[in-house]
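The values are calculated or read from the model by the stated rules, or taken from the named source; none is laboratory data. Here the structure is a predicted model, which means the values were calculated and not measured. A quick note on method: Cβ atoms are made from the backbone with ideal geometry, for glycine too, and the neighbour counts reach across all protein chains shown.
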Amino acid sequence: MTSSNSSNSLSSTFYLTGIPGYEEFHHWISIPFCLLYFVGIMGNCAILHIVRTDPRLHQPMYYFLALLSLTDMGMSMPTMISLFRVLWSISREIQFEVCVIQMFLIHTFSFTESSVLLAMALDRYVAICHPLRYATILTPRLIIKIGVAALLRSAFAMIPLLVRLAYFPFCRSHILSHSYCLHQDIIHLACADIRFNVIYGLMVITVLWGMDSLGIFVSYVFILRSVLSIASREGRLKALNTCASHICAVLILYVPMIGLSMVHRFAKHSSPLIHVFMGHIYLLIPPVLNPIIYSVKTKQIRLGVIRLLLPSKH
């Protein structure tokens, strides 16, 4: 499954890796992955259904939560088919075009999710610092524009990297280190000057994540300043409690994302298991945990989940 001759990228076939060293257990390993995907998809679909069908949740906070659920599914679902094809020993092959589409979707929705989390931080800022103007500032039309702008920003940022990939020859091993395609993974197989992709990719990560994380940080500086001015301790705790779920969602996305980037750039010779482990945490943990966190911490979502599970009781 290696190639010594240079091949044009458009005609290249790559080979995906499952869990290195545990190939004989792939069928068993697929069981927890099935459960994680099931929980993630059902949880996010439940959030979307609850927000859509309950008129009391037609508010900015819940619209942003619906956007988060959409990006969560957009980030994890493109990997499902290739992952289970590998774990169920159906096929390890993936064509270059399919690989590029998968890579584009994964990275685009990852950056989009970061932007949605920034928008949710601004939502909390307006709700706490300007409560009387909350509904007039964050109108449904503005929220749709924010969602579309976040998606377009992320998609356009990825296009130069994908255009460059189309012209790369691949004459080294065609074996990828994951069960899906990541940009950081595939460029190291190219027999070409990859400096543009490395530098531009690092710039995209730094600028997009940097801008979003800075915006989230500044929002919380203003939120804390406003909360500390509330006279009662009960009032301060109530205001901060509305931010708890969002803070958890930020950590759930950024910590694995930064960890995976660091592993690919500075720990290339570490155990392949570390790369695989970090890659799956990065894609699966946010879609699985975000609906659970918001269901536990947000009363209206929690009641909506109970109504879904026990309709006769309500």
If we scan the range 96-103, do we find a residue that is touching a strand residue (DSSP E or B) at 6+ places or on another chain (Cβ under 6 Å) and surrounded by 14 or more Cβ atoms within 10 Å (Cβ to Cβ)? yes
Kindly provide the set of residues from the range 92-104 that are part of a helix (DSSP H, G or I) and either touching a Ser or Thr at 6+ places or on another chain (Cβ under 9 Å) or at pLDDT below 90 (or both), ordered by number. Phe96, Glu97, Val98, Cys99, Val100, Gln102
One residue is enough: does the range 164-174 have a residue meeting the conditions farther than 24 Å from Leu224 by Cα and part of a helix (DSSP H, G or I)? yes
Against the definition (among the hydroxyl-bearing types (Ser, Thr, Tyr), in contact with a helix residue (DSSP H, G or I) (Cβ under 8 Å, 6 or more places away or on another chain), touching a residue at least 40 places away in the same chain (Cβ under 8 Å) and more than 17 Å from Val126 (Cβ to Cβ)), how does Tyr200 come out, yes or no? yes
Cβ contacts < 8 Å: first residue more than 26 Å from Leu253 (Cβ to Cβ), restricted to the range 213-240; second residue surrounded by 15 or more Cβ atoms within 10 Å (Cβ to Cβ) and not basic (Lys, Arg), any location; separation 6+ or different chain. Result? Ile230/Ala239; Arg236/Val227; Arg236/Ile230
Of everything in the range 162-182, what is buried (at least 21 other Cβ atoms within 10 Å of the Cβ) and in contact with a Gly (Cβ under 9 Å, 6 or more places away or on another chain)? Give them in sequence order. His178, Ser179, Tyr180, Leu182
Within the range 133-160, the count of residues that are surrounded by 15 or more Cβ atoms within 10 Å (Cβ to Cβ) and either modelled with pLDDT under 90 or among the small types (Gly, Ala, Ser) (or both) comes to 5
Take residues that are modelled with pLDDT under 80 and tell me which of the helices (runs of 4 or more DSSP H) falling wholly in the range 186-283 contain 2 or more. 233-266
Within the range 241-251, count every residue that is among the aliphatic types (A, V, I, L, M) and touching a residue at least 40 places away in the same chain (Cβ under 8 Å). 3
Residue identified as outside any loop (DSSP other than H, G, I, E, B), more than 30 Å from Leu228 (Cβ to Cβ) and among the hydroxyl-bearing types (Ser, Thr, Tyr) among Ser89, Ser76: Ser76
Can Ser110 be described as modelled with pLDDT under 90 and either closer than 29 Å to His26 by Cβ or touching a Pro at 6+ places or on another chain (Cβ under 7 Å) (or both)? no
Could you check, for the range 110-127, whether at least one of its residues is among the basic types (Lys, Arg) and either more than 23 Å from the chain's Cα centre (by Cα) or not in a helix (DSSP H, G or I) (or both)? no
Would you be able to say whether some residue in the range 187-195 is among the hydrophobic types (A, V, I, L, M, F, W, C), over 30 Å from Glu23 (Cβ atoms) and crowded, with 19+ Cβ neighbours inside 10 Å? no
Starting from the range 150-161, keep only residues that are in contact (Cβ under 8 Å) with a residue 12 or more places away in the chain, then list their pairs with residues that are surrounded by fewer than 16 Cβ atoms within 10 Å (Cβ to Cβ) whose Cβ atoms are within a distance under 7 Å, requiring at least 6 positions of separation or different chains. Pro160/Tyr200; Leu161/Tyr200
